[in-house]
Every structure is written in C-alpha cells, then in structure tokens.
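The values are calculated or read from the model by the stated rules, or taken from the named source; none is laboratory data. Since we're looking at a predicted model, the values are computed, not measured. Ideal geometry is used to build each Cβ from the backbone, glycine not excepted, and the neighbour counts take in all protein chains shown.
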Amino acid sequence: MDRLEAENRRLHRRIAQLEGEKADVEAFAAVAAHELLVPLVLADAYATTVSDRLDGDLHADSRRDLDALGRAASRTRLLVETLLHEARSHDRPLQLRAVDLNVVLRGCVTLLAPEIRARGADVQVAELPHAWAEEPLISAVFTNLLLNALRYGPRGVGTIRVDATLEHGTCRCSVRSAGPAIPVADGERIFSRYHRGRGERRARGAGLGLTICRRIVERHGGQIGVTADAGSNRFHFTLPALSVQPTSRRTIAPRPSAA
C-alpha cells in the first residue's frame, strides 16, 4: 500500500510539473506570435504603401515583387495567428455563438484575394446557413481549405465552389476544387501533422493546415474528410447548426478579380 501511495504522489507531482510546462509553452507561444506578427504586419503595410505611392512609376516586375511580398506576409501572418489559436484551444472552452457563414466566407475571400487573383481562380460561394461555432476558428478552417485548393490545384486553378447543406441539425460544408484526385489511401493521412500533398507546388506550406482544420472541427463535435473524383477534390466538414435558421439572409458570390 505504501508503494502505491508513493507512486500516486509521484504521478501527481509529474502531472503538476507537466501542467506548469504547458503553461510556460503557451505563454512563450503568445509572446513569439506577437513578436512575429509585428514585422509581418509592417511588411504588408509598407508593401502596400510603396505600391500606392509609386503607382504608375513602378516597373511591372517591381509591382509583382511587391505583390508577392504582401502575399507572403499575409500568408505567414495567417499561419502564426492560426497556430496561436490552435495552441491556446486545447483545454479552453469554445466561445460558441451564432455565426453567419456567409460573413465568414466573405472575410476569407477578401484576405486571400491577392493569392486568388495570382492563381487566376474564381471562388463561387452559395448561400450558406448559420452555424453554432467559434467564428475565428471556423474562419481558419475555411481559409486553410481555400489555400489548400489554391496551392495544390493546377495552374489556372479555375473555379473553387463553397456550399453547405442542413441535415438533421448539422451544417455540412464543402469546398470543391480542381486538381489531381487524392487517392483513397491518403484520405486519412493528409490530415496528419506535416503531411504535404503531391501538387505541383508541394514544397510550399508546413503541412499543418489540414491537421489544424481537423482539430478545430472535432472540437466543435464535427467531422472532416475528403472525397475525390477525376480531376477534382471535395473537402467537407460538419458543424452544429442553429436550431432555427434566420429567414432573411444575404447571398454572396464573390469574384476574386474584383475583391
């Protein structure tokens, strides 16, 4: 009995130690994220300022370079913010509320507009329902799925379609895009940490986007997966829907070229 009690005390001390280390890691992540975000925001802002100031005086190559700088800063800022959300969300209760997915998608498309234009893509969004969710996290899911479609699709990505249906109190969302069909055998593996797809721009990305998406969706009590056919892939995930959907909603069908 004494031995069991001693082992129990040792385990409790180890748990307390691990909890302290976890708090230290979260605090470090918050500070690191803040320090990384400041120069990224400044780089994005300065690139826009220089482009606007010189406008007609800029050589085409210089304008492309400034646009690339802005896109890189935006993508990295998004990754840092999403990873910070992911790091903080392990034990934190979700802040659930009614979320208009139309508004969420509009924000995602606006954020990614430079990337969408650069890829020659068109994002078509059907009218979406309201979900019961934490808005910043769901925004991260949609943004990562859109980036995934842009990153691993063929050049001249074409049309990316976003829609959702209501099924027995569940909101089933999907993002469909052109690209090499994901093999059935990889359907689960692609959601693993550091796994990267086989698209022509495979070297880009850290292989965390889909892992983060799965974690966020599962924390909301939903599921995420992918289905593929010849020349296209459809990522789909579920969220709890509002018990009563608003009767008046706006339809958005953003065209990136005008965003």
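Observations on the structure shown:
This table checks each residue for (1) among the β-branched types (V, I, T); (2) in a helix (DSSP H, G or I); (3) at pLDDT 85 or above.
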| site | (1), (2), (3) |
| --- | --- |
| D91 | no, no, no |
| T110 | yes, yes, no |
| R117 | no, yes, no |
| I138 | yes, yes, yes |
| L145 | no, yes, yes |
| N148 | no, yes, yes |
| R155 | no, no, no |
| R161 | no, no, yes |
| A164 | no, no, yes |
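- Scanning segment 217-226 for residues that are over 24 Å from Q95 (Cβ atoms) and either modelled with pLDDT under 90 or not polar (S, T, N, Q) (or both) turns up at least one hit.
- I182 closer than 27 Å to D100 by Cβ, among the aliphatic types (A, V, I, L, M) and at pLDDT 80 or above: no
- Residue in segment 119-133 that is in a loop (DSSP other than H, G, I, E, B), at pLDDT 90 or above and out of contact with any Cys (no Cβ under 9 Å at 6 or more places or on another chain) present: yes
- Residues of segment 191-209 that are within 21 Å of G158 (Cβ to Cβ) and modelled with pLDDT of 55 or more: G209 alone.
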